[in-house]
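Report on the following structure.
The values are calculated or read from the model by the stated rules, or taken from the named source; none is laboratory data. Note that the structure is predicted; figures quoted are calculated from it, not measured. All Cβ positions, glycine included, derive from the backbone under ideal geometry; neighbour counts span all protein chains shown. For the accessible areas, the whole protein counts, side chains as well, though only heavy atoms, and no ligand, DNA or RNA atoms are used. Shrake-Rupley method; radii C 1.70, N 1.55, O 1.52, S 1.80 Å.
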Amino acid sequence: MITRVTLIAIAGCIVLSSEAQDVVTLKSAVVALSAQPELRAEFEEGLVHKARELQYNAVPSYDLVPDVTDVDDRDFIKRMLTNGVGAVLMVRPASVGPDASLESVKEAVSPTVYANMRAFARELSRSGEDDILAVVHLAIYLISIDGAELIGSGAVWLDEPSPSREEAIERLQNLIVANVNGVRPAIREHLGLAPLE
């Protein structure tokens, strides 16, 4: 079974390196936007576990902010900063089921990223864009006292059925982590940091 991914232009959950070559991590929170608290917790915990295996300093957000409605909300920003969080990976189911389409994230990503996603889907999916079963929107924010700064946005999607809900979630989590990890060099360049060795 094949899953598809498109890389975000610039993304978060960053590992920083000081001049003394000591690795310092920027604490990042994973926010899964879901109306179901159990699903949110499960998805965030799984994603955080996978990110930590790749040396990210990631934490789930569900116990920091039980109800997230807006990443730029002052209370949300305050809670993130109070807990030492400097970046947020926001994950939002955009389209699920037989009518799922990349169109569901068209307004949430740049025209270039959207065009790249469509081209990627046409090139690698057996029936082009017509076999997408689930689309998840990703957005990366840097968090500061000035608010949340969007530094990248994109999407991952599944284009073949999974034997179980758990396997579908696992595949999406793997795609998300691979996506963020793949743009690590661009993140560091965006922040003016030297490449990791």
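Between Arg165 and Glu149, the simple label model (points 7 Å from Cα in the Cβ direction) yields a spacing of 4.0 nm.
Surface calculation, 1.4 Å probe, protein heavy atoms: Glu166 sits at approximately 110 Å² accessible. Could you tally the net charge around Ser34, taking each other residue with its Cβ under 14 Å from the Cβ of Ser34, Lys/Arg +1 and Asp/Glu -1? Its environment carries a net charge of -2.
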